[in-house]
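What follows draws every value from the coordinates through simple rules; no lab data is involved. Please read these numbers as outputs of a predicted model, since none were measured by experiment. Quick reminder, even Gly has a Cβ in these numbers, built from the backbone with ideal geometry, and neighbours come from all protein chains shown.
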Amino acid sequence: MNYKNPTRLALSIILGLLTYIQPAIAEKIENPVSVFAGLDKVSGRVTQFDVYIDETVQFGSLQLTPRVCYSRPETEKQKMTGFIEVDELTLNNKVRRIFNGWMFASSPGLNAVEHPVYDIWLIECKQTSDVPPPAQ
């Protein structure tokens with residue numbers, strides 16, 4: 001290689017270092033509580049509520065069940081994500097799945113549950129809640 005060219009030398013050093021540097025992967029923290037906000041479009045009321053993992057709660061005609069809720073350590077930039085299942089109880093008492101996927105607290109509009117009457121989105125993941133856990 002021709003190291004008389006300073007640009008070429010700098011690129012060679014950078015490429016050499018990149019082969020030894022591993023990206024830092026932030027540790028995921030599993031949280032037992034997901035915090036959601038729900039909008040009732042008829043009344044205009046926004047409600048915030050805590051839901052334990054694998055607990056199903058009713059919000060209007062929707063049944064919401066978080067399966068996981070991840071955050072990062074306090075020393076990292078927070079990215080909270082949750083895998084959520086949302087079912088709708090129809091007028092003829094049938095249950096219909098309307099959402100099954102990941103929600104991102106930092107981007108609530110990305111995967112919020114949009115329904116003609118209700119919207120639901122993830123606010124945060126946390127370790128504790130003032131709400132008592134569901135009976136086992």
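Can you pull out the trypsin sites (Lys or Arg not before Pro) in segment 50-136 that DSSP calls coil and that have at most 11 other Cβ atoms within 10 Å? Answer in residue order: Lys77, Lys94. Applied to segment 45-60, the Karplus parametrisation 6.51 cos²θ - 1.76 cosθ + 1.60 on θ = phi - 60° returns per-residue 3J(HN,Hα) values of 8, 9, 10, 9, 8, 8, 9, 6, 4, 6, 8, 9, 10, 9, 10, x Hz, with x for Gly and Pro.
Angle between the Cα long axis of helix 6-18 and the longest principal axis of the chain, 0 to 90 degrees, nearest 10? Result, in degrees: 50.
Decide, for segment 17-136, between rounded, prolate and oblate: order the square roots of the alpha carbon gyration tensor eigenvalues as a ≥ b ≥ c, take rounded if a/c falls under 1.5, and otherwise choose prolate if a/b is larger than b/c, else oblate. Prolate, because a/c is 1.5 or more and a/b exceeds b/c. Full extension of the segment from Val42 to Leu89, taken as 0.36 nm per residue of separation minus the current Cα-Cα distance, would add 15.2 nm. The local environment of Ser34, defined by Cβ-Cβ distances under 13 Å, has a net charge of -4 under the rule Lys, Arg +1 and Asp, Glu -1. Amide hydrogen proximity for Ile98: with H placed 1.01 Å from N in the peptide plane, the residues at 5 or more positions away or on another chain lying under 5 Å are Val86, Asp87, Glu88. Counting only lysines at least 8 places from Lys41 when in the same chain, those with an alpha carbon closer than 26 Å to its own are Lys94. The helix-only estimate of mean residue ellipticity at 222 nm for the chain, built from DSSP H runs of length n ≥ 4 each weighted as -39500 (n - 2.57), is -3000 deg cm²/dmol after division by the residue total. The simple spin-label model puts a point 7 Å past each Cα toward its Cβ; for Glu30 and Thr56 those points are separated by 2.1 nm. Within the chain, the longest run free of exposed loop sites, counting GluC sites (Glu not before Pro) that sit outside DSSP helix and strand states (H, G, I, E, B) and have at most 14 other Cβ atoms within 10 Å, spans 77-136.
The alpha-carbon of Lys79 sits under 14 angstrom from the alpha-carbons of these aspartates and glutamates, leaving out residues fewer than 8 places away in its chain: Glu27, Glu30, Glu124.
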